[in-house]
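Novice: Take this structure first; my questions come after.
The values are calculated or read from the model by the stated rules, or taken from the named source; none is laboratory data. Nothing here was measured: the structure is a model prediction, and the numbers come from that model. Here the Cβ positions follow ideal geometry from the backbone for every residue, glycine too, while neighbour counts run over all protein chains shown.
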Amino acid sequence: MWNKPQLMTAVADLLFAAATAALLVAAAVWFTRLPHFRLSQVVVAHELTEVKRADVERAMSGLLRGNFFSANVEALRLSLEKLSWVRHAEVRRRWPSGLEVRIEEHRPVAQWGEAGGQLVNTYGEVFAAVMTVPQPLPVLHGPLAVAPEMLGYYREAVDLLKPLGRAPRVLTMSPRLAVQLKLDDGMVIELGRQQAKVPIRTRLQRFVNHYPSVLTVAKARPSVVDMRYPNGFALRLAAAQVTESKGKQ
């Protein structure tokens, strides 16, 4: 090898490159361990409604190890997303020694089931939480797998019933996916299952169109209106109304 200058030059260049790389790695390790980069600040980027600062600190406390470069931001994110009111979290490094936290909170639009303790957010996702300041919410009750679909039916009902000055208070879907609405005045509307020929929206619109005649035919507010018939509807009066009607005959 000593008689081959070109080979010796190549080996020397290789050794020099390796030494340079080792020095760079050592310098990088030394640089990242400087006290200047120790984590000293966690900033929540916006105001929170239901998630408390104490909850955020508690979720992150055991994971704030290392420094700006070595902190495990993915573990911190997953820990934050375990909080009941957190739908999505982001944790970013903030130069030179901080972390920035962004949290998307669940926005409740309905209560799930009659028992309480579970809510439905704007995406139709069911989550377990209790509101700090209780407020009246509509109730959705049915198979968990179709919660987003149920929220869609509820929103349609809100829009369709506005001309009547009525609002849905409870939407129930049976295991066979039949939809029932209970209005704010106590009236129940049976809408049945979704069908391609006669969608639920069409049946509810038919109820809205015929609402004045429903009251005229019944001569009183019916307790149940069954809209599952293809070209008509059936009414059921409350027991007290039926008794009163018989007494007048």
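Novice: Does any residue of the stretch 59-77 turn out to be buried (at least 17 other Cβ atoms within 10 Å of the Cβ), touching a Phe, Trp or Tyr at 6+ places or on another chain (Cβ under 9 Å) and within 30 Å of ARG169 (Cβ to Cβ)?
Specialist: No, every residue in the stretch 59-77 fails to be buried (at least 17 other Cβ atoms within 10 Å of the Cβ), touching a Phe, Trp or Tyr at 6+ places or on another chain (Cβ under 9 Å) and within 30 Å of ARG169 (Cβ to Cβ).
Novice: Could you please tell me which pairs satisfy a Cβ distance under 7 Å, a separation of 6+ or placement on different chains, a first residue in the stretch 181-202 that is on the phi > 0 side of the Ramachandran plot, and a second residue that is part of a loop (DSSP other than H, G, I, E, B)?
Specialist: GLY192/ALA178; GLY192/ARG228
Novice: Check the stretch 210-225 and report whether any residue there is among the polar types (S, T, N, Q), in a helix (DSSP H, G or I) and modelled with pLDDT under 95.
Specialist: Yes: the stretch 210-225 contains one or more residues that are among the polar types (S, T, N, Q), in a helix (DSSP H, G or I) and modelled with pLDDT under 95.
Novice: Criterion first (in the same structural domain as PHE233 (by TED's automatic domain parsing), free of Cβ contacts under 8 Å to residues at least 60 places away in the same chain and over 25 Å from PRO212 (Cα atoms)) does PRO143 satisfy it?
Specialist: Yes.
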